[in-house]
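No value in this document is a laboratory result; all are computed from the given coordinates. Just so you know, these numbers come straight off a predicted model, no measurement behind them. Glycine gets a Cβ as well: all are built from the backbone with ideal geometry, and neighbour counts include every protein chain shown.
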Amino acid sequence: MATPRLLWMGVVLLGILGVLQTQAQAAVSVQPDFQQDKFLGRWFSAGLASNSSWFREKKAALSMCKSVVAPTADGGLNLTSTFLRKNQCEIRTMLLQPAGPPGAYSYQSPHWGSTYYVSVVETDYTEYALLHSEGSKSPGQDFRMATLYTRTQTPRAELKEKFTTFCKAQGFTEDTIVFLPQTDKCMTEPE
Ligand SMILES: *[C@@H]1O[C@H](CO)[C@@H](O)[C@H](O)[C@H]1NC(C)=O
Ligand SMILES: *[C@@H]1O[C@H](CO)[C@@H](O)[C@H](O)[C@H]1NC(C)=O
């Protein structure tokens, strides 16, 4: 069962962050020569994959969320996401701190004290980004996640294929990959 807190957390992580890195992989792969300033601005979470149990339960109910990425004073990112939950627009902010090479970040959950690792694995900045995240909700509950971010709410079919290929390469099975339906709600208010 996903608690409400766990659910929004998951939605935010999935929506904002994306891809999760497996422990088995030697190093987090990031976009070569990552340019953070070009990554800023608005993104939509068009696709998700996760091996967490709440995601398996809730994936059918999720819709696209809007994330606005802004720089923070410490060189990290302020990821503020707006999404629909129980017919209300919810806004959540996650502050990502630089962790390692440009494009790699960590996030400390204020609620659980757990740490998440997020990396921008691939992006062209103008159309899409593939993110990879991993973390633990509590000891022994590690999970991984992949996210497709797109600049518009209507990603091209090629981008969906690219995301599916990416997810499979990361070990996600077909049934854990979802493309989120577009929604008008919560997408249009001022940023
Ligand atoms: C993060 O961005 C949101 C939305 O612009 C803003 O309200 C919030 O104050 C920012 N937080 C920090 C710590 O920069
Ligand atoms: C998700 O994958 C990670 C890394 O492979 C694993 O440690 C974790 O136990 C998995 N979580 C679930 C809920 O299956």
Straight-line reach check, residue 160, cutoff 19 Å on alpha carbons, 8 or more apart in-chain or any other chain, hits among lysines -> 59, 66, 168
20 Å cut-off, amide nitrogen to a point 7 angstrom out along residue 125 Cα→Cβ, residues in the range 89-118 = 98-99, 101-105
25 °C / 0.890 mPa s Stokes-Einstein diffusion coefficient of the range 109-190, Kirkwood radius on C-alpha pairs, µm²/s = 170
Amide H within-cut-off set for residue 122, under 5 Å, with H built and near neighbours excluded | 31, 130
Please give the residues of the range 68-89, grouped as numeric ranges, whose backbone N is less than 17 Å from a label point set 7 Å along the Cα-to-Cβ vector of residue 183.
-> 68, 80-89
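What per residue convex hull volume, in Å³, comes out for the range 41-152 when only alpha-carbon positions are used?
Spelled out: Cα convex hull of the range 41-152, divided by residues, is 114 Å³.
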For the range 34-191, calculate the relative contact order in percent as a whole number, restricting contacts to Cα pairs under 8 Å that are 6 or more residues apart.
-> 28
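Hey, got the dipole for the range 61-185? About the Cα centre, +1 on K and R Cβ, -1 on D and E Cβ, debye to the nearest 20?
Its charge dipole is roughly 360 debye.
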Cα centroid separation, the range 162-187 to the range 59-135 (Å) | 16
Out of residues 5 or more away from residue 65 or on other chains, whose amide H comes under 5 Å of its own, with H placed 1.01 Å from N in the peptide plane?
-> 45
